[in-house]
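Down below is the structure, laid out as structure tokens.
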Amino acid sequence: MHRHSVLRVTTKLLMPFILLFALYVQFHGDFGPGGGFQAGVIFGAGFILYTLIYGVENARRVAPEPVVRVLIAFGLLLYIGVGYAGLLLGGNFLDYFVLAQEPEKGQHLGIFLIELGVGTTVAATMVTVFFTFAGRGRP
């Protein structure tokens, strides 16, 4: 892939915008269309583009598999943790109103944390699945 300099330069120029758009979708999900799943897919697709252009070896150096696995677990634990926090504070599972003094702020905080957990898990899972298939047939 070293010969394809146009693809390499274009990818290097587009990557910050792809990742920035993923962050926009992640943090805009509270107020409109978007959220954790969509942002995770965009982030994962951006990383897969990087892997396709620069190679699996370089991508594994940027995001080692143990780190990606920890991100999957972190996102899932964050989601479950918000649910149990609602239970511990006297509400129902995933009841956001009890997370803060004012119910509206509690709901905003709960949705933000849930979406963050979903986005992290989806992006890391996409990268893990891609790494698994990209490494097939190689020693």
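Can you tell me the equivalent ellipsoid semi-axes for the chain? Use √(5λ) from the Cα gyration tensor, largest first, whole Å.
Listed largest to smallest, the semi-axes of the chain are 35, 17, 8 Å.
Divide by every residue of the chain the summed helix terms, -39500 (n - 2.57) for each DSSP H run of at least 4, and state the resulting mean residue ellipticity at 222 nm, rounded to the nearest 500 deg cm²/dmol.
It lands at -26500 deg cm²/dmol.
If you place +1 on the Cβ of every Lys and Arg, -1 on the Cβ of every Asp and Glu, and leave all else neutral, what size is the dipole of the chain about its Cα centre, to the nearest 20 Debye?
Roughly 940 debye for the chain.
On C-alpha positions alone, give me the angle between the axis of helix 65-88 and the longest principal axis of the chain, in degrees, nearest 10.
The answer is roughly 10 degrees.
Find the relative contact order for the chain and round it to a whole percent, using C-alpha pairs within less than 8 Å whose residues are 6+ positions apart.
About 29 percent, as a whole number.
If one takes the longest principal axis of the Cα atoms in the chain, at what angle in degrees, from 0 to 90 and to the nearest 10, does the Cα axis of helix 103-134 lie?
30
Read-outs throughout are calculated quantities, based only on the coordinates presented, and are distinct from any laboratory measurement. This is a predicted model, so every value here is computed, not measured. Virtual Cβ from ideal backbone geometry, glycine too; neighbours counted across all protein chains shown.
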